[in-house]
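A.B. asks: My structure is below; once you've seen it, I'll send some questions.
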Amino acid sequence: MLTHILGFPSIGKNRELKQALESFWKGELSDETLISKSDDLKKRHWDIQKNAGLDYVVTGDFSLYDRMHDLTFAIGAIPLRFAPLADGGILERYFAMARGDAKRNVAAMEMTKWFDTNYHYIAPEIDGAAQWTPSKRPIVDDTRFARSLGFNPKPALIGPFTYLALAKDGGDKYSKLDSLAEFYVDLIKELSNISDLIQIEEPILCAELLPNEAAERFGEIYAALNAAADKTKLALTTYFGSLGRNLDLAAQSNCALLHIDLFRGEAQFDEILASLPNETSLSLGLVNGRNIWKTDYAKALKLIEKAVLKLGANRVALGSSCSLAHSPVDLNEENALPKSVKDRMAFAAQKCAEIAELRDIFERGDKAALAANQAVFENAAKEADIYNVSVRERAAKVTPDMLERKSPYAKRREAQKTLNLPLLPTTTIGSFPQTAAIRKVRLTYKKGEISEAEYVAAIKRETKDCVDKQERLGLDVFAHGESERNDMVEYFGQQLGGFCFTQNGWVQSYGSRCVKPPVIYGDVYRKAPMTINWITYAQSLTKKPMKGMLTGPITILCWSFVREDLGRSEVCKQIALAIRDEVLDLEKAGVKIIQIDEAALREGMPLKAIDAQIYLKWATDSFRLASSGVKNETQIHTHMCYSEFNSILEWIAKMDADVVSIESSRSKMSLLDAFEKREYQNEVGPGVYDIHSPRVPSTGEIAELIRKALRYIPKDRLWINPDCGLKTRGWDEAYQSLENMVAAAKQTREELSANR
Ligand code: GLN
Ligand code: ZN
């Protein structure tokens, strides 16, 4: 049985790539050094795969920035605005497209989330008329390089249909299918001289159906690619779900191998086994590439047996569900995890070994390896912090009325008039600039270099400064500034039961940026109040209402590595109950406005519409469970930082927050259209300026956006706030921007009263 993974993380077990890239961008590394450092990483990752006992090592999975971007560059789909950079070096242009060129004032290409992961790719910009000038194809060099070192390489390419489906569209992107197919034919011809298996990834087949103009060309274009491959096999590779109705298309491709994601797409396994064309082999994606947990071998072996029974062992391959790029690199770097949790974990390097081990167990009946694996799962089930009886009982007792506020919005609105807010109330999203000084305070406290008393005093000083500034600015609703928080999820995870943290479990988010998600390994509960002291202290400094500031259950779930022995919706419910306790304690402490951020609601959505509906139901129920315990007088806010709302607006309405703040300045308020059409009843704070840029917006332009918002949202339901938190900005620009924002709100209020 053939064994392989779909890709290995590029970043390196100690984030070597990050360090190399950042020194390169600072001008401290030459092109050659960057390339040689990358080659070292590639070699190391190939060694891991080979030493694990896999049949192939992957090439083309390594990227200096992003694989979609590598393709764009190789195809030569260079947007016109980068033409002035043509005389520079290749790397200079490659990075300028990904990151923008400040000197020449050329904007970067857009970055978007890769399906439902937290990884961001650079979206190709396709203009049907533009001429493509093909450039270097590092995947060919890398595959030769791997071969020359004695590895058996399997080049991995993102497929043409996925590439185009994810590209930004000038309206005619599918007109490029033929030119794109030509590029792939050429490339495959060349790769087929070096390798006997080529991975072509079409995760788009696990999303919704392809548009007709693409779907009707699928069989024909894949016929051309297969012809180009000649005796080399193409592996049509799908992941992030089942194929659903795209199974027909996949079969039409006539590729020698079809790879399916059995971690997320198991429901379709029988159907696939029954309908797989005789000439096609099946690669089973058994080891989850998106998490940190060991594979349950007993379960995986059942699936292997089923496939072998139906197809014969020579038509079955074993692999990872998707690329391992979404999991951290090496568990052996972890020295501080609780032993019982570490025993259950596998990072990318360990996952390679799991795949080979599954093959060995299946082929040679290695009983000891199976028993060792099963013992881990059995032991875990017995542990009290993994199965916490009181948490389970409480979750089981949640009743539908706990998801409902005491009265509908119209009635709450009356009750909340006691807040005495002016028309067009001004506020911020929560965090204020996180200065180097404040980061240092948190770090030295974490290292034990300053006492708790010193730490608390420093945070209090910062909070007071932040409140004083808001007072001077004349904002209407205050936030305490979040200076005690390094990260909106980690801060809560550190205080909740059921969470632990890795030291080095980094996963690439985009370019050189990595995230280190908390780990939810057991039942989640609140040990003690988490935010009350900071908020009540901040409230004591002002007469203006101070918002309680919490991260919502969906966002905590989506930005963590989540246990796999309990359904995500159940885990989310447990988090919701913990947040609910905090909300009620805030209310008891006299906090009148509570914001529960749900920045990740949209990115957690599964790819297919039916799955998305199921997710949105339990996700929004969790938000309601967290937020609905309060009195009518208590105002619940939520915040989301993205702008494509149209498809989920009805669900945002169902969350029934009194006020929702959203990103909208970059889309110039055009999304408010949807709010108007669906008659969204509650209050809305469309962001009036973009916090992602250091630019200070003028009072005039903010006032203009407010006037525009007023065309969609009635004046007594409109809030004025920035797009998101200010923690990445400097104080100078943040202060001036807020000053202008408050001035613009005042100006608009005056216009409104003059027009009455
Ligand atoms: N309250 C958080 C902040 O202001 C919200 C951040 C976010 O939405 N990503 O930082
Ligand atoms: Zn935000």
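Just so you know, all these numbers are worked out from the coordinates, no wet-lab data involved. Quick caveat, the model's predicted, so the values are computed rather than measured. Cβ: placed from backbone, ideal geometry, glycine included. Neighbour counts: every protein chain shown.
A.B. asks: Work out the P(r) tail for the chain: percent of alpha carbon pairs separated by more than 53 Å, whole number.
C.D. replies: 12
A.B. asks: Also, I was wondering about something else. Let's see if you can work this out: charge +1 on each Lys and Arg Cβ, -1 on each Asp and Glu Cβ, no other charges. What is the dipole magnitude of segment 538-587 about its Cα centre, in debye to the nearest 20?
C.D. replies: With Lys and Arg at +1 and Asp and Glu at -1, about 340 debye.
A.B. asks: Still on this model: Taking the Cα centre of segment 297-396 as the origin and placing charges on Cβ (Lys, Arg +1; Asp, Glu -1), which of ALA313, SER327, ALA381 is farthest toward the positive end of the dipole?
C.D. replies: Selected residue: ALA313.
A.B. asks: Going by how many other Cβ atoms sit within 10 Å of their own, how do ASP673, ASP523 line up, fewest first?
C.D. replies: ASP673, ASP523
A.B. asks: Please compute the contact order of the chain in relative form: average sequence separation of alpha-carbon pairs under 8 Å and at least six residues apart, divided by the residue count, as a percent.
C.D. replies: Rounded, it is 12 percent for the chain.
A.B. asks: Given labels modelled 7 Å from the Cα in the Cβ direction, how far is it in nm from SER698 to ASN646?
C.D. replies: If labels sit at SER698 and ASN646, their model points lie 3.2 nm apart.
A.B. asks: Between the helical axis of 31-52 and the dominant principal axis of the chain, each derived from Cα atoms, what acute angle in degrees is found, rounded to the nearest 10?
C.D. replies: 70
A.B. asks: Quick one: if the Förster radius is 25 Å, what FRET efficiency do GLN131 and TRP25 give, using the C-beta to C-beta distance and rounding to 0.05?
C.D. replies: 0.25
A.B. asks: Go through segment 105-185 and name the chymotrypsin sites (Phe, Trp or Tyr not before Pro) that are in a DSSP coil and have 13 or fewer other Cβ atoms within 10 Å of their Cβ.
C.D. replies: none
A.B. asks: Report, in debye and to the nearest 20, how large the dipole of the chain comes out about its Cα centre when Lys and Arg carry +1 and Asp and Glu carry -1 on their Cβ.
C.D. replies: Working: 99 positive and 104 negative charges, 356 e Å.
My answer is approximately 1700 debye.
A.B. asks: Could I ask something else about it? For segment 511-586, just the Cα atoms, rotate onto the principal axes and tell me the three extents in Å, largest first.
C.D. replies: 46, 34, 17
A.B. asks: So what's the convex hull volume per residue for the Cα atoms of segment 264-335, in Å³?
C.D. replies: On the way: hull volume 7.3 nm³, N = 72.
Expressed per residue, the convex hull around the Cα atoms of segment 264-335 is 101 Å³.
A.B. asks: Of the beta bridges DSSP finds with both residues in segment 45-193, what % are antiparallel, to the nearest 5?
C.D. replies: Around 45 percent antiparallel, to the nearest 5.
A.B. asks: Please name whichever of ALA410, PHE561, VAL185 sits farthest to the positive end of the charge dipole of the chain, dipole taken about the Cα centre and charges placed at Cβ: Lys and Arg +1, Asp and Glu -1.
C.D. replies: Of the candidates, ALA410 comes out farthest on the positive side.
A.B. asks: Hey, another quick one. I'd like the trypsin sites (Lys or Arg not before Pro) in segment 105-158 restricted to DSSP loop residues with at most 11 other Cβ atoms within 10 Å, sorted by number. Don't skip to the answer; put the middle values down first.
C.D. replies: Values: sites: LYS113, LYS136, ARG144, ARG147; in loops: LYS136.
Answer by residue number: there is no such site.
A.B. asks: Hey, another quick one. Tally Lys/Arg at +1 and Asp/Glu at -1 over every other residue whose Cβ is under 12 Å from the Cβ of GLU92; what's the total?
C.D. replies: +1
A.B. asks: What angle do you read, to the nearest 10 degrees and between 0 and 90, between the alpha-carbon axis of helix 90-99 and the longest principal axis of the chain?
C.D. replies: Computed tilt is about 40 degrees.
A.B. asks: A further question follows. Run down the aspartates and glutamates and flag those whose C-alpha is under 16 Å from the C-alpha of LYS631, throwing out any fewer than 8 positions away in its chain.
C.D. replies: Straight-distance partners of LYS631: ASP401, GLU404, GLU414, ASP581, GLU582, ASP585, GLU587, ASP656, ASP658.
A.B. asks: How large is the direction-averaged shadow of the alpha-carbon convex hull of segment 248-375, in nm²?
C.D. replies: Directional mean of the projected Cα hull area for segment 248-375 stands at 8.2 nm².
A.B. asks: Additional query: Mind checking the angle between helix 297-311 and the chain's longest principal axis? C-alpha axes, 0 to 90 degrees, to the nearest 10.
C.D. replies: Orientation of helix 297-311: about 50 degrees from the principal axis.
A.B. asks: To the nearest µm²/s, what D does Stokes-Einstein give for segment 389-447 at 20 °C and 1.002 mPa s, using the Kirkwood radius over alpha carbon pairs as Rh?
C.D. replies: After rounding, the answer is 126 µm²/s.
A.B. asks: Next question. Determine the percent antiparallel among the DSSP beta bridges restricted to segment 223-381, to the nearest 5. Numbers along the way, then the final one.
C.D. replies: Values: 1 of 14 bridges.
Antiparallel bridges make up about 5 percent of those DSSP assigns within segment 223-381.
A.B. asks: Let me ask something additional. Could you list the GluC sites (Glu not before Pro) in segment 175-265 that lie in coil according to DSSP, counting only those with at most 12 other Cβ atoms within 10 Å of their Cβ?
C.D. replies: Details: sites: GLU182, GLU190, GLU201, GLU208, GLU213, GLU216, GLU220; in loops: GLU208, GLU216.
Hits after loop and neighbour filter: GLU216.
A.B. asks: In the chain, what percentage of the DSSP-assigned beta bridges are antiparallel, given to the nearest 5? Before the final figure, lay out the partial values.
C.D. replies: Details: 12 of 65 bridges.
The answer is about 20 percent antiparallel.
A.B. asks: Measuring from label point to label point, each 7 Å out along Cα→Cβ, what is the GLU454 to ALA108 span in nm?
C.D. replies: Those two pseudo-labels are separated by 3.7 nm.
A.B. asks: Between GLN736 and ALA384, take the C-beta separation as r, use R0 = 60 Å, and let me know the FRET efficiency to the nearest 0.05.
C.D. replies: It comes out at approximately 0.65.
A.B. asks: Hey, any idea what Rg/Rh is for segment 585-702, computing Rh the Kirkwood way over Cα pairs? Mind dumping the intermediate values first?
C.D. replies: On the way: Rg = 15.4 Å, Rh = 15.5 Å.
Over the Cα atoms of segment 585-702, Rg/Rh equals 0.99.
A.B. asks: Now for a different question. May I have the count of lysine pairs in segment 419-567 with C-alpha atoms under 24 Å apart, counting pairs 8 or more residues apart or located on different chains?
C.D. replies: Final tally of qualifying lysine pairs is 24.
A.B. asks: Considering the dipole of the chain built from charges on the beta carbon (Lys and Arg +1, Asp and Glu -1) around the Cα centre, which of ASN226, GLY448, SER38 is farthest to its positive end?
C.D. replies: Farthest towards the positive end: GLY448.
A.B. asks: Apply the Debye scattering formula to segment 641-756, with a single equal point scatterer on each alpha-carbon and no solvent, then give log10 I(q)/I(0) at q = 0.15, 0.20, 0.21 Å⁻¹.
C.D. replies: Relative scattering, expressed as log10 I(q)/I(0), comes to -0.64, -1.07, -1.16.
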